[in-house]
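The values are calculated or read from the model by the stated rules, or taken from the named source; none is laboratory data. Please read these numbers as outputs of a predicted model, since none were measured by experiment. As a convention, Cβ positions derive from the backbone with ideal geometry for all residues, glycine included, and neighbour counts pool all protein chains shown.
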Amino acid sequence: MGGALAVPDSFPVAEGHSLVVPRGHVASIHDLSGDQQGELWRLVGMVREHLLEKLSPAGFTIGVNDGVAAGQTVDHGHIHVIPRFEGDVPDPRGGIRWVLPEKAAYWEEEK
């Protein structure tokens, strides 16, 4: 992938935590063209397949922190690929929704 590369995260939250990064500087992956974004997501798929073979995780959290309010701390757009393993958290339901804890457990409101 000429316009993107995959690297290990410097502060991994799980074994195999990787970043897919465009080679050219952009603050947000949404500053890239559609073709360039497609290249990033194809590389995400390749990283995911590699991690499946290497680590056999039970799932993945794949995501983007886009902007300071969303938790972006590096001024270069990138995509996190985080392998997830059985028991790595007590209750994985809701996943990404836990960025706003008071709104995360939507299934409890259905009772």
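Among the numbered conditions (1) surrounded by fewer than 10 Cβ atoms within 10 Å (Cβ to Cβ); (2) touching a Ser or Thr at 6+ places or on another chain (Cβ under 7 Å); (3) not charged (D, E, K, R), the only one that Leu100 does not meet is (2).
Identify, please: which residue in segment 86-111 is of a type in the set (Val, Ile, Thr) and not in a loop (DSSP other than H, G, I, E, B) and is, among those, modelled with the lowest pLDDT? Step by step, filter segment 86-111, then rank; the result is Val99.
Based on this model, can you work out whether Ala4 counts as in contact (Cβ under 8 Å) with a residue 24 or more places away in the chain and touching a helix residue (DSSP H, G or I) at 6+ places or on another chain (Cβ under 7 Å)? Yes. Just to be sure before I move on: is Asp66 at pLDDT 95 or above and under 22 Å from Pro101 (Cβ atoms) in the structure I sent? Here the answer is yes, as Asp66 does meet what is asked. Hey, any hits in segment 3-24 for a residue that's over 12 Å from the mean Cα position of the chain (by Cα), aliphatic (A, V, I, L, M) and not in a strand (DSSP E or B)? No - not one qualifying residue is present in segment 3-24. When Leu52 is tested against (1) within 30 Å of Ala27 (Cα to Cα); (2) in contact (Cβ under 8 Å) with a residue 24 or more places away in the chain, just one condition goes unmet, and that condition is (2).
Quick one: which residue in Pro83, Pro57 is assigned to a strand (DSSP E or B), surrounded by 11 or more Cβ atoms within 10 Å (Cβ to Cβ) and not aliphatic (A, V, I, L, M)?
On the way: Pro57 fails: assigned to a strand (DSSP E or B).
It is Pro83.
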